[in-house]
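> This structure is in structure tokens; I'll ask about it shortly.
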Ligand code: GTP
Ligand code: SPV
Ligand code: MN
């Protein structure tokens, strides 16, 4: 083996020794340390084009952009192959797959032995969080995938700034990623939070392979946050500016493919002239208590890995603009003139396309042209709605926390919690229909507490306790709400138009916080009446709105039964305060039964 160390000047012993150790195990032909430069990007993109992993798109239609077609068996996160490997199974808890650390390391080492022979091993140092922020953290991902390197370059502050920030420190997240042969039988995404380490093998897909994202910034970081008194959450962060010019910040947790990217950059409806939404983050928030007793949020990421289908110039004009250049598209369809296409982009598809698998496609083909979980990777600097505080080292102060799921029934358009504990209860009992973002059935309601079911790196009961405890530290806690953009009428259609119109609901939240709006108390929380919402210019009929805001006793009886089952599964770690809330709710729902 000849190891071509391109960067002899790396002084961090812990880093160079760890890289050498992984190189001895995987025996690559060469080791390349990534610096994050423009020249490096061009060189790697050219390599990827040569190997067929990237297809250049039209320089006129999508300048600086590429299409990647993944292996058809590797198109989404694989939750059944994702493990939290803590020394004790109790620490991973009943909602995580667990395997013992020593055995798991041994198994993975076995798989990785000689696995990079004939290939290049890339060392990708990256910063999560704004540069210069006291909350930022360094990770290093070792990978044999050029596609991963190019995506990491968009998603994180990658290369030289990370090495500069790291200096001689040893507390970086160690991520090992190896593509192997993409055989699902040799695919595992393993987390060792006690070692600040991740080993991901056998998948090239986003959340499985871009280790900065779900693996580090959520699973490992949530564990760190618990120990250090902060929260790592699956949340967007947005700034909402009123016509008077004051901006309030909202953090919102929705499960995968349930509307975070869209809400984070929404375009207000015409009736809300002068209102503006600014994006701080679209997927992950790190939340800490500031000296002023408020909760402050930073977005650890530097780009967006967003869902393509359904994105169009009406639903999300900002997204359409930002993916117009310097983006990587994964598993979308390609037009004959080198542009991209996906379901929900235009009403009528073009006559001819190449589908996500590279096959000729026409409107009569039957199959979807783009994979339902096809994605774009775009630098946040491309976003026309980017907040001036997206790179602010201190982050932004949060006025409201919003939880939301994808529910065809039961959950009204919006609910306000009675207090922090009730808000935590609402988050903890969230349900949502599964989506194409994870492998497996789509459209099945499951409990997905705080949208963190697949991402919490420790025992879910302890996580709830940590949330409850945070109240003591936050002198001025944000108000907690619950939303559902996805309730359906008897005709099977969404009751609420969603997208930009969601601003009407955010506005009601701010008015509640300021004591300007009214609501009705129900057993499950405070719900607006139709007349409490500003619906000017919306042609949704009053009875559909009433249906969307209804709290129905029979639906809630089923809901609390499902919650009880989930709480039982969590066992002894479940905080008594949430059990109490639950009992109270069951009683008032049963009391309300006719
Ligand atoms: P992840 O990146 O997987 O974490 O997803 P996300 O929460 O950022 O979801 P995203 O905003 O990408 O939306 C996912 C899908 O839901 C897309 O197809 C959107 O078009 C659709 N969607 C988003 N917001 C709304 C809404 O308000 N109403 C309706 N009906 N659909 C929406
Ligand atoms: C999600 O699934 O919630 C995503 C995409 O944001 S991934 O990066 O694959 O996790
Ligand atoms: Mn996500």
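> Once a ≥ b ≥ c are taken as the square roots of the eigenvalues of the Cα gyration tensor of segment 198-310, is the result rounded (a/c under 1.5), prolate (a/b larger than b/c) or oblate (a/b not larger than b/c)?
Because a/c hits 1.5 or more and a/b fails to exceed b/c, segment 198-310 counts as oblate.
> Given R₀ = 56 Å, what would the calculated FRET efficiency be for residue 314 paired with residue 16, taking r from the Cβ atoms and rounding to 0.05? Write out the running numbers ahead of the final one.
On the way: r = 52 Å, r/R0 = 0.92.
Taking R0 as 56 Å, the efficiency between residue 314 and residue 16 is 0.60.
> Take the alpha carbon atoms of segment 163-187, find their center, do the same for segment 546-594, and report the distance between the two centers in whole angstrom.
42 Å
> Here's something else I'd like to know. Equivalent-ellipsoid semi-axes (√(5λ), Cα gyration tensor) for the chain, whole Å, largest first?
38, 28, 23
> Relative to the present Cα-Cα distance, how much length would full extension add between residue 587 and residue 513 at 0.36 nm per residue of separation?
Working: separation 74, 0.36 × 74 = 26.64 nm, distance 2.83 nm.
Using 0.36 nm per residue and subtracting the Cα-Cα distance, I get 23.8 nm.
> Hey, what number do you get for the chain at 222 nm if only DSSP H runs of n ≥ 4 count, each worth -39500 (n - 2.57), divided across all residues, to the nearest 500?
-8000 deg cm²/dmol
> So what are segment 238-278's ellipsoid semi-axes, whole angstrom, largest first, if each one is the square root of 5 times an eigenvalue of the alpha-carbon gyration tensor?
With the √(5λ) rule applied to segment 238-278, the semi-axes are 21, 12, 6 Å.
> Averaged over all directions, how much area does the convex hull of the C-alpha atoms of segment 306-382 cover when projected, in nm²? Walk me through the numbers on the way to the answer.
On the way: hull surface 19.0 nm².
Seen from a random direction, the Cα hull of segment 306-382 projects 4.8 nm² on average.
> For segment 410-485 and segment 248-308, what is the separation of their Cα centres, given in Å?
Going from one Cα centre to the other spans 16 Å.
> Nearest 10 degrees is fine. How inclined is helix 503-513 to the longest principal axis of the chain, computing both from alpha carbons?
Approximately 70 degrees, to the nearest ten.
> Suppose R0 equals 30 Å. What FRET efficiency, 1/(1 + (r/R0)^6) with r the Cβ-Cβ distance, do residue 368 and residue 50 give to the nearest 0.05?
The computed FRET efficiency comes out at 0.55.
> I'd like the Kirkwood hydrodynamic radius of segment 316-359, using the inverse of the mean 1/r over distinct C-alpha pairs, in Å. Don't jump to the answer; show the numbers that get you there.
Working: mean 1/r = 0.0885 Å⁻¹.
11.3 Å is the Kirkwood radius here.
> When the convex hull of the C-alpha atoms of segment 3-229 is computed, what volume per residue in Å³ does it have?
For segment 3-229, the hull spanned by Cα atoms encloses 134 Å³ per residue.
> Under a point spin-label approximation (7 Å from Cα along Cα-to-Cβ), what is the residue 241-residue 469 distance to one decimal in nm?
That separation, rounded to one decimal, is 3.9 nm.
> Angle check, please: helix 101-112 long axis (alpha carbons) against the longest principal axis of the chain (alpha carbons), in degrees 0 to 90, nearest 10.
50 degrees
> Continuing with the same structure: By how many degrees, between 0 and 90 and to the nearest 10, does the Cα long axis of helix 38-51 differ from the longest principal axis of the chain?
With both axes taken from Cα atoms, the answer is about 80 degrees.
> What ranking of 493, 11 emerges when the number of other C-beta atoms within 10 Å of each C-beta is taken as an exposure proxy, fewest first?
Placing the least packed residue first, the sequence is 493, 11.
Where a number appears in this text, it was derived from the coordinates with a stated rule and is not lab data. Quantities reported herein were computed from a predicted structural model and do not represent experimental measurements. Note that each Cβ is placed from the backbone with ideal geometry, even for glycine, and that neighbours are counted across all protein chains shown.
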